[in-house]
Amino acid sequence: MPVIALLAAAGLTLTPALAQSGDGARIAMQICSGCHGVGGRSESPMFPKLNAQTPEYIEAQLKGFREHARGENTARDYMWGMAALLDAAAVKSLADYFSHQPATRGATGDAALTTKGQEIFERGLPDKGVPACATCHGAEAQGAGTFPRLAGQHKEYLLHQIEVFKNGTRGNAPVMSAVAHTLNDEQAKAVAVYLQSK
Ligand code: HEC
Ligand code: HEC
């Protein structure tokens with residue numbers, strides 16, 4: 001069933017009046033929380049956490065969905081239609097709302113993988129010319145401007161994004177596609193396990 005129909009069945013509809021009310025907190029509670037959780041604290045690995053994400057990144061992604069710059073199936077199926085309804089004031093208000101929600105850590109994973117992931121995050125892979133993830137995503141993976149926060153994010157979501165950067169369906173970020181190409185499966189998994197627990 002298409003997402004919009006699913007939402008409608010649950011009594012949730014993003015009407016133009018609501019989408020363009022400029023009331024981010026209300027839109028977040030009535031619509032976004034159905035997937036991203038209350039305050040963006042998603043508990044399902046299918047849906048990324050939005051709490052404590054940087055406002056600049058949230059705005060850029062909503063614009064990217066609207067312009068179909070993120071072409072992965074999950075973006076197309078869930079976010080293209082949603083983003084198309086939000087006007088600039090609503091986007092700004094939503095970005096402001098989610099960026100002020102407190103951060104949450106995810107579950108910790110295998111200790112050896114976590115250590116390996118931390119090393120990749122902090123030092124990169126010098127022999128393959130991969131810069132440290134921390135140089136862009138921040139020492140604590142907290143994000144900065146349009147470099148997203150990664151700390152606390154679901155590992156399944158992170159791995160899926162690394163995959164779609166690699167296969168080019170999320171093709172709007174050449175830097176991340178280049179980084180993703182250099183990570184093998186084991187390295188991608190290690191860094192995702194580390195980040196989820198941050
Ligand atoms: C029906 C479920 C659903 C609803 C409702 C929903 N989203 Fe999403 N959202 C998703 C999925 C799934 C993704 C991941 C898409 C992908 O893999 O590219 C996503 C991704 C995002 C992202 C990108 C996050 C990142 O880390 O890159 C933002 C920002 C976002 N949504 C904002 C919103 C806002 C704001 C609302 C409410 C107006 C909303 N979403 C409502 C399912 C939903
Ligand atoms: C040169 C800067 C840079 C480096 C180094 C970098 N990234 Fe990124 N990363 C970005 C940018 C910019 C984005 C957002 C792309 C966009 O706007 O869609 C991003 C997005 C991501 C995302 C998607 C997050 C989300 O919420 O959808 C993941 C996952 C990610 N990076 C992981 C990594 C990992 C792991 C490393 C290190 C191996 C790394 N990045 C190194 C710049 C960088």
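Every number in this text was worked out from the coordinates using simple rules, so none of it is lab data. As the structure is a computational prediction, the values presented were derived from the model and not from experiment. Virtual Cβ from ideal backbone geometry, glycine too; neighbours counted across all protein chains shown.
Among the lysines of the chain, pairs that are 8 or more positions apart or on different chains and have alpha carbons within less than 15 Å of each other number 10. A Cβ-based charge dipole, computed about the Cα centre of region 111-196 with Lys and Arg at +1 and Asp and Glu at -1, lands at about 120 debye.
Work out the length of the dipole vector of region 3-99 about its Cα centre, built from +1 on the beta-carbon of each Lys and Arg and -1 on the beta-carbon of each Asp and Glu, and round it to the nearest 20 debye.
On the way: 8 positive and 9 negative charges, 15 e Å.
That gives a dipole near 60 debye.
Residues of region 75-97 falling in the label zone of residue 163, defined by backbone nitrogen less than 17 Å from a point 7 Å along Cα to beta-carbon, are 75-78. Relative contact order of region 67-135: 14 percent, from C-alpha pairs under 8 Å at least 6 residues apart in sequence. Comparing 24, 39, 145 in a Gaussian network model of the chain where C-alpha atoms under 10 Å apart are linked, the largest mean-square fluctuation is found at 145.
From Cα pairs below 8 angstrom and at least 6 apart in sequence, can you work out the relative contact order of the chain, rounded to a whole percent?
Across the chain, relative contact order equals 24 percent.
Our estimate of slack between residue 13 and residue 77, defined as 0.36 nm per intervening residue step minus the Cα-Cα distance, is 21.4 nm. Determine the sum of side-chain charges near residue 29: Lys and Arg each +1, Asp and Glu each -1, restricted to other residues whose C-beta is under 15 angstrom from that of residue 29. After counting each charged neighbour, the total is 0.
Extension gain for residue 100 to residue 56 (0.36 nm times residue separation, less C-alpha to C-alpha distance): 14.6 nm. Nearest 10 degrees is fine. How inclined is helix 55-66 to the longest principal axis of the chain, computing both from alpha carbons? With rounding to tens, the tilt is 70 degrees. Would you mind computing, in nm to one decimal, how far apart the modelled labels at residue 84 and residue 112 are, each placed 7 Å from Cα along Cα→Cβ? Label at residue 84, label at residue 112, 4.9 nm between them. Here the label points at residue 119 and residue 135, each 7 Å from Cα along the C-beta direction, are separated by 2.0 nm in the simple model. Using only side-chain charges placed at the Cβ, +1 for Lys and Arg and -1 for Asp and Glu, the dipole size of the chain relative to its Cα centre rounds to 60 debye. Computed 3J(HN,Hα) for region 142-153, one whole-Hz value per residue from the Karplus formula 6.51 cos²θ - 1.76 cosθ + 1.60 where θ = phi - 60°, is 7, x, 6, x, 7, 7, x, 5, 10, 4, x, 5, glycine and proline marked x. First check a/c for region 3-99, with a ≥ b ≥ c the square roots of the eigenvalues of its C-alpha gyration tensor; if it is under 1.5, answer rounded, and if not, answer prolate when a/b is larger than b/c or oblate otherwise. Rounded is the answer for region 3-99, as its axis ratio a/c remains below 1.5.
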